[in-house]
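The values are calculated or read from the model by the stated rules, or taken from the named source; none is laboratory data. Predicted, not measured: the structure shown is a model, and the values here were computed from it. Reconstructed Cβ throughout: ideal geometry from the backbone, glycine too, with neighbour counts over all protein chains shown. Heavy atoms of the whole protein, side chains included, go into the accessibility calculation; ligands, DNA and RNA do not. Shrake-Rupley method; radii C 1.70, N 1.55, O 1.52, S 1.80 Å.
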Amino acid sequence: AQSVAQPEDQVNVAEGNPLTVKCTYSVSGNPYLFWYVQYPNRGLQFLLKYITGDNLVKGSYGFEAEFNKSQTSFHLKKPSALVSDSALYFCAVSLTSGGYNKLIFGAGTRLAVHP
Amino acid sequence: EPEVTQTPSHQVTQMGQEVILRCVPISNHLYFYWYRQILGQKVEFLVSFYNNEISEKSEIFDDQFSVERPDGSNFTLKIRSTKLEDSAMYFCASSVSGLENEQYFGPGTRLTVT
C-alpha cells in the first residue's frame, strides 16, 4: 500500500540552528513528493516539491529538501531556523491515476523553534 | 496572490442534517479536491473533480457525499445526512493540472456534528 511516514511527532530546535524534519515514503513507481506547512487556523501552504532531476530542491522561506531514492526519503531541511518557522509540517506523495493526482499525507510533524 | 477560499469557517449541525461546504478555487485552476482531517489524525483524500465530473474518490466518499460545481467559480461538498464521525476539518484544494502541479489549499471548514 502507498504510504508516507513522518517518524517524529515533534522536533525541537533552537533558533539559528539547522533543522531537519524527516519523511519516508512507500510507493510503487516514481513518486512526486511535496512538503506543506500549516500555521494555526490556516490551510496547508505549499513549500516545495520533487518531481524529477536534481535531488536537492529548494522552496519557500529558505527551506530545502533532499530526495534519496535508495532510502526512500525526502527530508525537509533549513540551515538556520527561525522562531516563525514553528508550525505543523506535512510530507505528501502524489499518486497519479489516469492523469489525475491525489495526495497521500504523512501524520505531520510539529516543529518548535525556541529563541 | 490568488488563494482558495472556503465558507463557512465553522459549521455546527445536528446528526442527520444536510450540510453544504463551499469553496472558491483559484480561478485558472482546472482540478478540484476535497480532503478532511479528523482531529488528531492524518489529512485524508476524499474526492477529485475535473471537467465537471468526479475523477477519483476514496472509500470514505460514500453515497452520503456529493460534489458539485454549480457555476464557474464555486465548488461544493454536500453531506446528505451527517453522522457524528463526519466531524472534522474539511479542506478544499485546487491545482492547475493533475500531474506535477502542487495543490493549493483553502483554510478549511470545521464541521461539528452534535
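B:Thr13 to B:Ser73: FRET efficiency via 1/(1 + (r/R0)^6), r the Cβ-Cβ distance, R0 25 Å, to the nearest 0.05?
0.55
Could you name every residue in segment B:26-44 that has 40 Å² or more less accessible surface in the full protein assembly than in its own chain alone (probe 1.4 Å, ligands and nucleic acids excluded)?
Residues of segment B:26-44 that lose at least 40 Å² of accessible area once the other chains are added: B:Lys42, B:Val43.
In square angstrom, rounded to the nearest 10, how much accessible surface does A:Leu82 have for a 1.4 Å probe?
The value for A:Leu82 is about 80 Å².
Grab the beta carbon distance between A:Ser84 and B:Val24, set R0 = 22 Å, and tell me the FRET efficiency rounded to 0.05.
For R0 = 22 Å, the calculated efficiency reads 0.20.
What's the total accessible area buried between chains A and B, using a 1.4 Å probe, rounded to the nearest 100 Å²?
Interface between A and B: roughly 2000 Å².
With Cβ to Cβ distances under 12 Å as the rule, what net charge do the other residues near A:Leu47 carry (K, R +1; D, E -1)?
Local charge sum for A:Leu47: +1.
In whole percent, and with a 1.4 Å probe on the protein chains, what portion of the accessible area of chain A is carbon and sulfur?
With neighbouring chains kept in place, the figure for chain A is 48 percent.
On the accessible surface of chain B, probed at 1.4 Å, how many percent belong to carbon and sulfur atoms?
It is 46 percent, rounded to a whole number.
Using the Cα centre of chain A as the reference point, and only Cβ charges (+1 on K/R, -1 on D/E), how large is the resulting charge dipole? Debye, rounded to the nearest 20.
With Lys and Arg at +1 and Asp and Glu at -1, about 220 debye.
Give me the distance in nm between label points sitting 7 Å out from Cα along the Cα-to-Cβ direction at B:Leu39 and B:Glu53, one decimal.
Spacing of the two 7 Å Cα→Cβ label points: 4.0 nm.
Which aspartates and glutamates, if any, have their Cα less than 18 Å from the Cα of A:Lys22, not counting same-chain residues under 8 positions apart?
Leaving aside aspartates and glutamates fewer than 8 places away in the same chain, those within reach of A:Lys22 are A:Glu8, A:Asp9, A:Glu64, A:Glu66, A:Asp85.
Multiplying the sequence separation of A:Thr52 and A:Ser28 by 0.36 nm and subtracting their Cα-Cα distance, what value in nm do you get?
7.1 nm
For the ranges A:30-36, B:45-51, what's the packing order if you count other beta-carbon atoms within 10 Å of each residue, average per peptide, and put the highest first?
A:30-36, B:45-51
Which whole-number percent is the relative contact order of chain B (Cα, under 8 Å, 6+ apart)?
It comes to 38 percent, rounded to a whole number.
Give me the accessible area per residue for chain A, probe 1.4 Å, as a whole number in Å².
47
Positive end of the charge dipole of the protein assembly as shown (Lys, Arg +1 and Asp, Glu -1 on Cβ, about the Cα centre): tell me which of A:Ala92, B:Gln64, A:Thr109 has its Cα farthest that way.
The one lying farthest along the dipole's positive direction is A:Thr109.
Say the cut-off is 23 Å between C-alpha atoms; which of A:Lys58/B:Lys42; A:Lys58/B:Lys57; A:Lys49/B:Lys78; A:Lys78/A:Lys102; A:Lys77/B:Lys57; A:Lys102/B:Lys42 go over it?
The pairs that break the limit, which is 23 Å between Cα atoms, are A:Lys58/B:Lys42; A:Lys58/B:Lys57; A:Lys49/B:Lys78; A:Lys78/A:Lys102; A:Lys77/B:Lys57.
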